[in-house]
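Structure provided below as structure tokens; questions to follow.
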Amino acid sequence: MLVKRSPDLKYSDITPRGIYLNRRKFLYGMGLASGLALAGKDLAELVSPPVRAYASTKLQGMSGSPFSTTEKITPEQVVTTYNNYYEFGTDKGDPAKNAQKFITSPWTVSVEGECAKPRKFSMDEILKLAPLEERIYRHRCVEAWSIVVPWVGYSFSTIAKLVEPNSNAHYVAFESYFDKKQMPLWGRAGIDLPYVEGLRIDEAMHPMTLLSVGMYGETLPNQDGAPVRMVIPWKYGFKSVKSIVKIKFVKANMASTPM
């Protein structure tokens, strides 16, 4: 089947839009309790006071995926206001408030290490490497809560194959962007930064391992890992690195960021 895409879309063309929702209207009018899967938490604790939850423009030409779950999708307002992104604060509502001015354009991702053709990819290039798919995955946190999200992207193996990993590439390390000026709360994170996590090469190349550029049909909000992140549905969420700037194929298992 031919998938219609938008070849003229440039990441620099994306303009953020603000979404304002009243908390009470959201909780009681949208029936949050029926759609939220967060274990051991009181419902009222899960929603911050009204914040401006940035999202982006629509992504065009998406197809469905056989890898998607049929579980009920978590409301977008929950996913964009209940986040772990310690560079922007350690409370769940902090990233939505503190990441609003995070600059994600221009953006490049360096893919390097044990590969024949290391190179850097711009976001414009990443958006065009493969047809975009909507994949509905359950995102599980080690803190015993979970959300079901319609992510947008394609298999990580697509970009990996372009750089041709060699026989020494046994692991893949993913590194998040880090800038003290843009992330003034970094000192409260309690973890080493920049954030680094990794996968075995077979895990990284699995077709379900997603390089995500969006969710809910739009580009990623800042607090959810804009402009590009990993999503690995069978791993805990800390493996799904946000705001990726470096991907490195390595021979030995690297040290991940201590949690």
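Take the alpha carbon gyration tensor of the stretch 78-159, find the square roots of its eigenvalues, order them as a ≥ b ≥ c, and report rounded if a/c is under 1.5; if not, report prolate when a/b exceeds b/c, else oblate.
Prolate is the answer for the stretch 78-159, as a/c is 1.5 or above and a/b outweighs b/c.
Which of K128, K72, K181 comes first, and how do the rest follow, when ranked by fewest Cβ neighbours within 10 Å?
With the sparsest Cβ surroundings first, the list reads K181, K72, K128.
If you bin the C-alpha pair distances of the stretch 113-259 every 5 Å from 0, what whole percents do you get?
Taking all Cα pairs of the stretch 113-259, the binned fractions are 2, 9, 19, 23, 22, 15, 8, 2, 0 percent.
If you take the square roots of the eigenvalues of the alpha-carbon gyration tensor of the stretch 160-222 and sort them as a ≥ b ≥ c, do you get rounded (a/c under 1.5), prolate (a/b over b/c) or oblate?
oblate
So how do H170, H139 line up by other beta-carbon neighbours within 10 Å, fewest first?
The most exposed by this proxy come first: H170, H139.
The numbers here are math on the coordinates, done by the rules we state, and not lab data. For clarity, every value in this text was computed on a predicted model and none was experimentally measured. So basically every Cβ, Gly included, is an ideal-geometry build from the backbone, and we count neighbours across all protein chains shown.
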